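The values are calculated or read from the model by the stated rules, or taken from the named source; none is laboratory data. Note that the structure is a prediction, hence the values are computed from the model and not measured. Heads up, the Cβs are rebuilt from the backbone with ideal geometry, glycines too, and the neighbour counts pull from every protein chain shown.
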Amino acid sequence: MSRRLATILLITICAPGVVGAAAETPSPKDSGSTAPVTEQGYVPIGGIDQWIQIRGQHRDNPVVLWLSGGPGFSTIPSTPAYSGWEAAFTVVMWDQRGEGKTFERSGRSVAASMTIAQMTQDGIEVAEYLRRRLGKDKIVLLGHSWGSILGIHMVKQRPDLFAAYVGTGQVVQLAENARAAYPLLVERAHATGNVEAEQQLRAAGPPPYDDSPRKWVWVSWANRLDPRPTTASRSRANSGPPPAYLAEGADFSQGLMWESILRDDLRALGLQFELPVIFIQGAEDRLTVTALAKQYFDSLSAPSKQFVVLPSVGHLAIFTDPGAFLNALTRYARPLAPTK
């Protein structure tokens, strides 16, 4: 399977909505603490224009900055699925460097700057911008998959910006995640009677996975076999294909960053955290295995910690069961976040 095909597949799974045209510049702040906020546009971040979307029903609500996975998989097309979140939080979705509408504007000119270090600084700038824009002392940082790598780097550098860190599909060290996930994924393929998946996974063989097509067999089947709860509050699929720049940005970003992401070890950043830490994991994660996330979590020291396991969902829990995820986020993160 080609990298591009796997990329398109993941976007189709993870971005089941459509966003209309947006203004080039965020609108002025409305007066009044209970006024809603709906802003989207390009903001100068890290020397380039980066797209930021801000949505919420009340400006007094805590702010959640969602770091999407991939890298390169924009969450903004999923916006309709998260309208329910906007009553409890001001939800910020950011197209990172090399992703979505940010990639649409910059193109491949940012190739040399596609590093964990640069994207960490970008994320810190975004957080600082949001604090100024929305008048918040601290915000909640939510990282999914690749975003959980980026999120840990950000909170380790600037814990003062954040009320809490929430990780989901939490990576620890991706090469180790792959080794632990592979036999579990083969087992799931067999148990569900997916002969094609089992044959392709066995042919690809176990990790280590370098930047070869073998890794896309693991990544794509991990997502395709991710359980979908039958009663969860899920969004509807797109009626048509996603815009070309979404797939192109994801392909571009992963092609440049896979090796550095594969080797990054979050434990090397230190196990002492200066802010509350919350992990919300799908029990059936076959990409970032929940048992490894729990081991990492148990080793951390923080002012407060909470480990939440959502049953019957996996690595894509935030997409496949956004209602249950919101319940956990509201219960454990919202009380930690300032409203002003």
Unique residue being assigned to a helix (DSSP H, G or I), in contact (Cβ under 8 Å) with a residue 40 or more places away in the chain and more than 19 Å from residue 338 (Cα to Cα) when the list is 123, 107: 123
Candidate set: the stretch 103-136, residues that are surrounded by 17 or more Cβ atoms within 10 Å (Cβ to Cβ) and among the polar types (S, T, N, Q); chosen: the one nearest to residue 40 (Cα to Cα): 106
I'd like to check something: does the stretch 203-211 contain any residue that is part of a helix (DSSP H, G or I) and either crowded, with 18+ Cβ neighbours inside 10 Å or of a type in the set (Gly, Ala, Ser) (or both)? yes
Modelled with pLDDT under 95, of a type in the set (Lys, Arg) and surrounded by 15 or more Cβ atoms within 10 Å (Cβ to Cβ), is that true of residue 286? yes
Has the stretch 248-260 got any residue that is closer than 20 Å to residue 155 by Cα, in contact (Cβ under 8 Å) with a residue 12 or more places away in the chain and either crowded, with 21+ Cβ neighbours inside 10 Å or not aliphatic (A, V, I, L, M) (or both)? yes
Pairs only if they're at least six apart or on different chains, beta carbon under 6 angstrom, first in the stretch 217-229 and farther than 10 Å from residue 182 by Cβ, second of a type in the set (Asp, Glu) and modelled with pLDDT of 90 or more; list them, first residue then second. 227/284; 229/321
Return a yes/no flag: does the stretch 87-102 have any residue that is of a type outside the set (Gly, Ala, Ser), surrounded by fewer than 24 Cβ atoms within 10 Å (Cβ to Cβ) and assigned to a helix (DSSP H, G or I). no
